[in-house]
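In what follows, a single structure is set out as structure tokens and then discussed.
The values are calculated or read from the model by the stated rules, or taken from the named source; none is laboratory data. None of these values were measured; they are calculated from a predicted model. Don't worry about glycine lacking a Cβ; one is built from the backbone with ideal geometry, like all the others, and counts go over all protein chains shown.
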């Protein structure tokens, strides 16, 4: 029986090649491979880092067949790797300069670690479900294209993308089982995802002519979402209850876009493009408390607590209309000079309206349910202009200079209302006018000193200004107001300076060095209603990277790479939180050796280290990350013949994550092997 299944599988895979081989020349590759691991430590963390199943996988890693006839080409690809749930079947048939057909299906799995937080002062953590989470992503497509006599291409494509499975969430639930420190949100939660998107497109284009190129596309996209987030609040306490969030939205998107390019003369080329998008959405969902997952709303559910806010019967619609127009020109006014100009306009309009029943719980001891019919409405309009100008000069031998300027001016309106039906009270009522301006100026140069030695440098300054004017706001913005939310920010500006330099050097034959340094400094200046401007944040980043490749002889080589990042965020809360650093080091080292006529040996090592963890959980929340991950591997490749290749790989992986108090640590021996045959 087992032999019969494999015979059937091979018959299916080889059928396309067999049918075409009779009248064409065929070639192909088949690779059978698999791997596994011996793990000591946390399984979900290992699978998330390595993106492979701990229990192992194996099957047909690659099967390719190409059949070429006089005026056509047929290609067939397949991959079947059970364990990793990695599958692919694809076919393509090209009739030279006449038409083609392309279709296929592929699927792969993305692993996720469902761990929650750890309260370090008491060493408290929770495991509420199987944290071995994974999400299956799939794509099914079919495409047909045909050319007319003048090389105009007509193309139709249908594509379906799906996501199904579970994944981790960073929205953790709360617990009081942390001693006298109060409530802490460290209880893990997870998503149950079920999404589907269908994409239909029809396009026509002609890019065969040198002086004129054009194209246009119509696209319709239909998306259905059925996602849930499960959250268990205060587990193992008297207030233990479960929250189920549901998002059951749908949307349809219609897009039409096109472009036109014209070479007016040897000195001038112009292009233009347009995009029109409309989105119509249906909003549905709920947030319901209960004692089980996916409960029906019960106003007297057990263990309810004051301010258990939720909602059900959410029904609404959303609409977005967007228009984008752009024009570009490339002008060569003189030898060694080029000027590129661009102009862009965007108009967008959004409207959303929704109704739902808001649920809440009053104070004890009765903990009575409070239900209110609520309606929310949102309108937003936006107009934006963008301009750009770039100049390049190549008149100096071995040097290229460039300068670029970009400007954006935008203005819009944002209106929001939230009304309680039975009272008519507007709990949110605001009309906001906002303006956004941006400027960016950059200078760059590339020097080619001699063969094997080049230097590139760039500097840019970027500034953004955002002004907000609340023309109507139901909450007072005076300094003594008890509720200034939401329209209390009147101005927020961003400023960035960036300098980077890159050196490529080949000092001797066989040795290549690439060095890069990037320095960035950013600042955010904010102003609230009735207050002066303050520096609300300052960011500094130093990024240094170095790579080297050395081939002292034809039989072996070495490669190395290191990236050092020093990233610091400073805010007015420095006295309480310290600097929020994001410093880390990434390094790798590899080499290859031609052992003999048939054998090669490869060695690789990688290292990641971050040490920015600040444990403020006793009074606030922890910040940063402290983790070290190392991987080392040895690969042997044997070319048994021109058609037959063997590969065996052994790797050792270790992960130490102090942020999670060692709960995500692991050590693993990873083994992989494959056999490849070309025919």
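Right, residue 460: within 22 Å of residue 429 (Cα to Cα), outside any loop (DSSP other than H, G, I, E, B) and either in contact (Cβ under 8 Å) with a residue 60 or more places away in the chain or touching a strand residue (DSSP E or B) at 6+ places or on another chain (Cβ under 6 Å) (or both) or not? No, not satisfied. Would you mind stating whether residue 234 is surrounded by 15 or more Cβ atoms within 10 Å (Cβ to Cβ) and more than 25 Å from the chain's Cα centre (by Cα)? The answer is yes for residue 234.
Is one or more of the residues making up region 663-670 farther than 30 Å from residue 186 by Cα and part of a strand (DSSP E or B)? So far as region 663-670 goes, yes, one or more of its residues are farther than 30 Å from residue 186 by Cα and part of a strand (DSSP E or B).
Check whether at least one residue in region 249-267 is surrounded by fewer than 16 Cβ atoms within 10 Å (Cβ to Cβ), touching a residue at least 60 places away in the same chain (Cβ under 8 Å) and either in contact with a strand residue (DSSP E or B) (Cβ under 7 Å, 6 or more places away or on another chain) or in a strand (DSSP E or B) (or both), and report yes or no. Yes, region 249-267 contains at least one residue that is surrounded by fewer than 16 Cβ atoms within 10 Å (Cβ to Cβ), touching a residue at least 60 places away in the same chain (Cβ under 8 Å) and either in contact with a strand residue (DSSP E or B) (Cβ under 7 Å, 6 or more places away or on another chain) or in a strand (DSSP E or B) (or both). Among the residues of region 377-425, those identified as part of a loop (DSSP other than H, G, I, E, B) and either touching a strand residue (DSSP E or B) at 6+ places or on another chain (Cβ under 8 Å) or in contact (Cβ under 8 Å) with a residue 12 or more places away in the chain (or both) are 394, 395, 398, 421, 422.
Would you check which residues across region 203-231 are surrounded by fewer than 16 Cβ atoms within 10 Å (Cβ to Cβ) and either farther than 30 Å from residue 188 by Cα or out of contact with any strand residue (DSSP E or B) (no Cβ under 7 Å at 6 or more places or on another chain) (or both) and list them? The answer is 204, 206, 207, 208, 209, 210, 211, 212, 216, 218, 220, 222. Of all residues in region 541-552, none that is at negative phi and touching a residue at least 60 places away in the same chain (Cβ under 8 Å) has its Cβ atom under 9 Å from the Cβ atom of a residue that is loosely packed, with under 15 Cβ neighbours inside 10 Å and in a strand (DSSP E or B), 6 or more apart or on another chain. Look at residue 49 and say whether it is in contact with a strand residue (DSSP E or B) (Cβ under 7 Å, 6 or more places away or on another chain), within 30 Å of residue 188 (Cβ to Cβ) and surrounded by 18 or more Cβ atoms within 10 Å (Cβ to Cβ). Judged against the criteria, residue 49 is a match. Does residue 428 satisfy being touching a residue at least 24 places away in the same chain (Cβ under 8 Å), in contact with a strand residue (DSSP E or B) (Cβ under 9 Å, 6 or more places away or on another chain), within 23 Å of residue 374 (Cα to Cα) and surrounded by 15 or more Cβ atoms within 10 Å (Cβ to Cβ)? In short, yes. Restricted to region 545-618, the set of strands (runs of 3 or more DSSP E) holding at least 3 residues that are farther than 30 Å from residue 50 by Cβ and under 27 Å from the mean Cα position of the chain (by Cα) comprises 556-570.
Screening the candidates 435, 440 for the property of being assigned to a strand (DSSP E or B), exposed (fewer than 15 other Cβ atoms within 10 Å of the Cβ) and modelled with pLDDT of 95 or more yields one hit, 435. Would you mind stating whether residue 328 is modelled with pLDDT of 95 or more and closer than 17 Å to residue 411 by Cα? So residue 328 fails the test.
Among the residues of region 36-46, those identified as surrounded by fewer than 21 Cβ atoms within 10 Å (Cβ to Cβ) and either closer than 21 Å to residue 79 by Cα or touching a helix residue (DSSP H, G or I) at 6+ places or on another chain (Cβ under 8 Å) (or both) are 36, 39.
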